[in-house]
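To start, the structure under review is shown below, and the notes come after it.
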Amino acid sequence: MKVVSVVGARPQFIKASPVSNALRQADHQEFIIHTGQHYDYEMSRVFFDEMELPEPDVNLEVGSGSHAKQTGEMLIQIENILIAEKPDWALVYGDTNSTLAGALAAVKLHIPVAHVEAGLRSFNREMPEEHNRVLTDHISDLLFCPTKTAVGNLINEGFKNIAGDGNLIESTNSRSLDSFPLILDPYSSPLIANVGDVMYDSILHNIKLAERNSRVLDRLKIKPKNYVLATVHRAENTDYPERLMSIFEAFTQIAQDDIPVIIPLHPRTRQCLSNSKFKIDGFVKTPSPLMGEGRGEGEGGGEKTPLRIIDPVSYLDMLMLEQNANAILTDSGGMQKEAYFLGVPCVTLRTETEWVETVETGWNVIAGADRGKIVEAVRCFKSGSPRPELYGDGRASQKIVEILTMLTC
Ligand code: UD1
Ligand code: UDP
């Protein structure tokens, strides 16, 4: 079997890593396209250097731009590669512009498309990610869902061809799959398989490595369970100055309780902050670490600034920062789940989440960009609720490869 995988943004490197390894272990051929959507060292290269992630076969170097420009340039280049490589499958991940470009280029060439992390919905049509997810799901042939909720979302949109009863596929041995209608037919509804979450596979594999190898707490001179970790990058926060301001005011208020707030800052947010009046309003004193002077770990903190704004960190460092935090404040999709996997309280800086199970189990509070709600959520969080295995059994990647193989033969 030959697979062309399309990745390009930070979370996709983390999702693809266990699947690429499972493909190699099963002796399948994989051609990896890196679209170049993310390109800074700490947004891209660091993941290839640190994780067991095969080198991309090609980097399209598309870079940043408007949605149309970025997606359009990817489409043109991916089409050429798919024509040359003639894969059995195009494999796409998540909900970025790279996801949509990969799926759209393949479906037009009648190459079967498999979507990993299918069925997620925020029901917020203002999010670019929601457009990408809905469109990708509706043009894919095989939808690998991470949860029962995701399967339910697809059923509500009219999808009918579900492997089993939509619960987690326990095993992909031939016997258990005999009972599933594994039908792949371009004229029928795409096949939906609940295999669990590849990010759970990834964290199970990498957490011990992180515990052994990461020195990030020492480098930042912070102590376990004595800081709050925060990330912000969603367009709905960065592109609205009043929301971004409110979120950073909340961080500052939390830091005033004598608890460091560590913020590995996404370049998008860095740019929005440096274009705004925040730097002169006192969030970051000049000379500003947001402005690139003396950037690096440990910068942006110290005695004078209340917030520890640092560059994005590697995945292993991030796992350590997450595991040892008192709480995680984030608008990241992946980090809401990682907080749950690691049993760390999460406050989501959005008005809704796709990962509703984390809220239902009491491990995630939706606070939006509301300063009061964010501060209150951190101060009043009641942890200790049970954490059922909501995201599979850590073998999503193997199941994905086995199902792809079965459908190729
Ligand atoms: C993208 C995804 C989002 C995902 C996020 C993961 C889309 C529409 N959005 O958002 O779903 O959660 O990745 O991190 O696909 N930039 C750099 N260096 C880089 C990358 C980006 O400076 O290596 C800056 C550029 O100014 C760029 C901006 O960040 O314009 C936004 O980057 P882009 O890839 O368009 O979207 P993200 O916000 O990263
Ligand atoms: N991450 C990382 N370093 C960082 C911030 C995030 O390694 O500085 C990891 C994080 O642990 C998670 C993934 O990147 O696995 C989430 O990516 P991001 O928040 O950019 O995107 P989203 O999940 O919201 O699409």
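The values are calculated or read from the model by the stated rules, or taken from the named source; none is laboratory data. Quick caveat: nothing in here was measured; it's all calculated off a predicted structure. Heads up, the Cβs are rebuilt from the backbone with ideal geometry, glycines too, and the neighbour counts pull from every protein chain shown. Note: areas computed on protein heavy atoms with side chains; ligands, DNA, RNA excluded. Shrake-Rupley method; radii C 1.70, N 1.55, O 1.52, S 1.80 Å.
Scanning the stretch 242-278 for residues that are part of a helix (DSSP H, G or I), of a type outside the set (Ser, Thr, Tyr) and over 19 Å from Lys373 (Cβ atoms) turns up Pro267, Arg268, Arg270, Gln271, Cys272, Leu273, Asn275, Phe278. Taken as a whole, the condition of being within 22 Å of Asn124 (Cβ to Cβ), within 13 Å of ligand 2 (Cβ to nearest atom) and either at pLDDT 95 or above or polar (S, T, N, Q) (or both) does not apply to Gly368. Considering only the stretch 294-333, state which residues are within 15 Å of ligand 2 (Cβ to nearest atom), at pLDDT 50 or above and assigned to a loop (DSSP other than H, G, I, E, B). Residues satisfying the conditions are Asp311, Pro312, Val313, Ser314, Asn324, Ala325, Asp331, Ser332.
So is Ala101 buried (at least 21 other Cβ atoms within 10 Å of the Cβ), in a helix (DSSP H, G or I) and of a type outside the set (Asp, Glu) or not? Here the answer is yes, as Ala101 does meet what is asked.
Residue-level analysis places His115 outside the set of residues that are open to solvent by 30 Å² or more (accessible area, probe 1.4 Å), under 28 Å from Asn237 (Cα atoms) and modelled with pLDDT of 95 or more. Of the residues making up the stretch 4-48, those that are in a helix (DSSP H, G or I) and aliphatic (A, V, I, L, M) are Ile14, Ala16, Val19, Ala22, Leu23, Met43, Val46. Kindly list, by first and then second residue, each pair from a residue in the stretch 258-278 that is at pLDDT 95 or above to a residue that is within 15 Å of ligand 1 (Cβ to nearest atom) and part of a helix (DSSP H, G or I), limited to pairs with Cβ atoms under 6 Å and residues at least 6 apart or on different chains. Filtered contacts from the stretch 258-278: Arg268/Thr238; Thr269/Thr238. Check whether at least one residue in the stretch 73-81 is within 11 Å of ligand 1 (Cβ to nearest atom) and either closer than 22 Å to Pro128 by Cβ or surrounded by 18 or more Cβ atoms within 10 Å (Cβ to Cβ) (or both), and report yes or no. Looking through the stretch 73-81, at least one residue is within 11 Å of ligand 1 (Cβ to nearest atom) and either closer than 22 Å to Pro128 by Cβ or surrounded by 18 or more Cβ atoms within 10 Å (Cβ to Cβ) (or both). Among the residues making up the stretch 359-400, a single one is out of contact with any Ser or Thr (no Cβ under 8 Å at 6 or more places or on another chain), polar (S, T, N, Q) and not in a loop (DSSP other than H, G, I, E, B): Ser397. Tallying residues that are among the small types (Gly, Ala, Ser) and open to solvent by 10 Å² or more (accessible area, probe 1.4 Å) within the stretch 23-43 yields 1. Going through the stretch 128-151 one residue at a time, which ones are open to solvent by 10 Å² or more (accessible area, probe 1.4 Å), touching a strand residue (DSSP E or B) at 6+ places or on another chain (Cβ under 9 Å) and closer than 14 Å to Val356 by Cβ? Of everything in the stretch 128-151, just one residue is open to solvent by 10 Å² or more (accessible area, probe 1.4 Å), touching a strand residue (DSSP E or B) at 6+ places or on another chain (Cβ under 9 Å) and closer than 14 Å to Val356 by Cβ, namely Lys148. One residue is enough: does the stretch 244-254 have a residue meeting the conditions open to solvent by 40 Å² or more (accessible area, probe 1.4 Å) and either closer than 25 Å to Asp317 by Cα or within 16 Å of ligand 1 (Cβ to nearest atom) (or both)? For the stretch 244-254, residues open to solvent by 40 Å² or more (accessible area, probe 1.4 Å) and either closer than 25 Å to Asp317 by Cα or within 16 Å of ligand 1 (Cβ to nearest atom) (or both): absent. Residue by residue through the stretch 10-20, note down the ones that are out of contact with any strand residue (DSSP E or B) (no Cβ under 9 Å at 6 or more places or on another chain) and open to solvent by less than 40 Å² (accessible area, probe 1.4 Å). Selection gives Ile14, Ser17, Pro18.
Of the conditions (1) crowded, with 22+ Cβ neighbours inside 10 Å; (2) among the small types (Gly, Ala, Ser); (3) touching a residue at least 40 places away in the same chain (Cβ under 8 Å), Ser383 satisfies every one except a single condition; which number is it? Of the numbered conditions (1) crowded, with 22+ Cβ neighbours inside 10 Å; (2) among the small types (Gly, Ala, Ser); (3) touching a residue at least 40 places away in the same chain (Cβ under 8 Å), the odd one out for Ser383 is (1). Would you call Thr238 of a type in the set (Val, Ile, Thr) and either open to solvent by 50 Å² or more (accessible area, probe 1.4 Å) or modelled with pLDDT under 90 (or both)? Here the answer is no, as Thr238 does not meet what is asked. Being assigned to a loop (DSSP other than H, G, I, E, B), within 13 Å of ligand 1 (Cβ to nearest atom), open to solvent by 10 Å² or more (accessible area, probe 1.4 Å) and of a type in the set (Ser, Thr, Tyr), is that true of even one residue in the stretch 50-65? Scanning the stretch 50-65, I find at least one residue that is assigned to a loop (DSSP other than H, G, I, E, B), within 13 Å of ligand 1 (Cβ to nearest atom), open to solvent by 10 Å² or more (accessible area, probe 1.4 Å) and of a type in the set (Ser, Thr, Tyr), so the answer is yes. Can Leu143 be described as without any contact (Cβ under 8 Å) to a residue 40 or more places away in the chain and under 22 Å from Ala9 (Cα atoms)? No, not satisfied. Would you mention how many residues in the stretch 111-164 are part of a loop (DSSP other than H, G, I, E, B) and not basic (Lys, Arg)? Total meeting the criteria: 20. Within the set Lys399, Lys373, the sole residue that is away from ligand 2 (no atom under 13 Å from the Cβ) and open to solvent by less than 40 Å² (accessible area, probe 1.4 Å) turns out to be Lys399. Considering the stretch 323-334, the residues that are in contact with a strand residue (DSSP E or B) (Cβ under 6 Å, 6 or more places away or on another chain) and open to solvent by less than 20 Å² (accessible area, probe 1.4 Å) include one that is farthest from Cys380 (Cα to Cα), namely Ser332.
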